[in-house]
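Here you go, one structure.
Just so it is clear, none of the values below were taken in a lab; they were calculated from the coordinates. Just so we're clear, the structure is a prediction, and the values are computed from it rather than from any experiment. Positions of Cβ are backbone-derived with ideal geometry, glycine not excepted, and every protein chain shown enters the neighbour counts.
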Amino acid sequence: MNLQQAVKMAWKSIWGKTGRSALTILGIFIGIAAVMTIVSVMEGMKLKTMEQFEAMGSNRITVSIYSWMYDEDGNDISKDYFPDLYDYCNGLKEYVLGVTPTGWCNATVSYGLKSTANMQYQWDERGNITGDVPPSLYYGSDQYAACNNLTIAKGRDLALLDIEKYNQVCVMGAQAAKTFFGSADPVGKELSVNGNRFLVAGVYAARLSDESADQSRLDNFIVFPYTARRILGGEKPTEFLVKARSSEAMTEAISRLNGFLKGLVDQNTGGFGVYSESQWQEQSNEYLSMIGLVLGGIAAISLAVGGIGIMNIMLVTVTERTREIGIRRAIGAQRSSIVAQFLIEAAMLCGIGGIVGILFGTAGSVILSTLLMQMTIFPPVKVTVGAFALSVALGIIFGSYPAAKASKLQPVEALRAE
C-alpha cells in the first residue's frame, strides 16, 4: 500500500464515522486553541509592557532611601536625602542626565466647574475607562522631564528657581490638560489645588502617538515642584529616579551611586537600594512568563485528555476492522503498512483538530487582545506552525499503541473475529 492509498483509506474511515470523529477531535482543538490564545495574549502583554517602559524612557535607575527615625510623638524626623542626591548626580554629568523624586500627593484640583472631587473611575461594558479620570499628582525636580522621557509641547518646564523659590507652578500631562481645559491653551491659567492657586507653566507632549487607554493613563498627571510639599503635604520622598546617559553609563552610575549612598545613609537607622529599570522589566517578563506557563500547563492537560481520546477511538477502530486487517495480512501485507495506515489515520484526526484549533485560537487571540489591551494581536507564524506540528505529533504518539496492536494481529485469529 502506498501513501496515497493509506491517506484515502484514512479519510474514508474518518468521514464514515463523522459524529464520532468530531467528538474525538474536540479535545485536540480545544487544547490547541487554548494554548495558542494563551501564548499570543502573554506575548501581547509583554509587548504592551515593553511599550510602556519605552514610552517612559530607557536607562532609568531607581534609588530607594529609607530610615526609621521618629521622635517621641511618632513623627518622622528622618533626613530629606534629595538635596544631597541632587547635588551628587549633577556632579556626574558624564554619566547622568537627571534626577528627580517620585513622590506624590493627594489633593483636590479644580478649574471652573471641573474638580477631581467629582471625578471617579468608570468602566463601560467592554472594561474600558470612560468619563473624566482624576489625574495623578506628582512631585518632581527641574529634571523630571529628562528622567521620564517627556518633552514640552506648550509653555515651559519646571525650573530650578521654581524649586528654590517655592513657586506655586505646575506642568500638566497631555491628558490632564485635555480633561481640565479641553482644546483651550492651559498655559498661564491657574488651578486651585486644595484651595491654593498654582500657575500652569507648561504642558508635556503625549508619550504615545495613538489615543488609547494606555496613553490616557500615561499622560494623565500633573507635576509640582517637590518643595510644594510644604503647602500640599505628603511624606518626604524616599524613591528617586536617576536617568543615565546610556546603558554603558548606567553601569558606572549604579556603581558610583552605591558608593555615595553607603557614606550618606546611616546603616543603623536606615538603608538604601539602587536598581536598574531593566531589572523591573526582566521581573515583569518573568512574572508574565510564569503565568503563561501555569495557564499553558492547564491547557496541556486538555491536549493530553484529547490524546487519550484519540488512543481510545483508534483501539475501537482496530477492533471494528479486525477482519479487514486479517485479510490484508493473509494476502501478504507487511506489519509496517498496517502501522502506517493507523498512524496516518490518527495523525489526520489530530491534524484536523489542530487546524480547527488554530482558527479558534486566532479568533480568541484577536478578541482577547482587543478587549484587554486595545490592540489586535495575531498568533506568530512560528506558534501557528508549532501548534499544527504538535497536533500531528500527538496523533502519532497516541496512535502508536493501537497501530502496533493492529500490526501484531495473527491472520488466522483476525479472520475468525466477528
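What list of ³J(HN,Hα) values in whole Hz, one per residue of the stretch 102-111 in order, does the Karplus curve 6.51 cos²θ - 1.76 cosθ + 1.60 (θ = phi - 60°) give from phi, with Gly and Pro shown as x?
10, x, 9, 9, 10, 9, 9, 10, 9, 8
Another question, then. Once R0 is set to 60 Å, what does the formula 1/(1 + (r/R0)^6) return for the Cβ-Cβ distance between residue 304 and residue 190, expressed as a FRET efficiency to the nearest 0.05?
The calculated FRET efficiency here is 0.35.
At a Cα cut-off below 27 Å, give the lysines reachable from residue 46, other chains included and same-chain residues fewer than 8 away excluded.
243, 382
List the lysines whose Cα lies under 22 Å from the Cα of residue 114, skipping any in the same chain that are fewer than 8 positions away.
Hits, sequence-local ones excluded: 154, 178, 189.
Quick one: Karplus J couplings for the stretch 255-261, per residue in order, coefficients 6.51, -1.76, 1.60, θ = phi - 60°, nearest Hz, x for Gly and Pro?
My calculation for the stretch 255-261 gives 4, 6, 5, 4, x, 5, 5 Hz in order.
Near residue 8, which lysines are there with a Cα under 18 Å away, not counting those fewer than 8 places off in the same chain?
Hits, sequence-local ones excluded: 17.
Between residue 11 and residue 400, what length in nm is gained on full extension when 0.36 nm per residue of separation is reduced by their alpha carbon distance?
138.2 nm
Something else: Going down the list 93/165; 165/262; 79/262, which pairs span over 22 Å between their C-alpha atoms?
From 93/165; 165/262; 79/262, over 22 Å: 93/165; 165/262.
For residue 156, what residues show an amide H to amide H distance below 5 Å, using hydrogens built from the backbone and excluding near sequence neighbours?
The answer is 202, 203.
Amide H to amide H under 5 Å from residue 333: which residues, 5+ apart in sequence or cross-chain, H placed 1.01 Å off N in plane?
none
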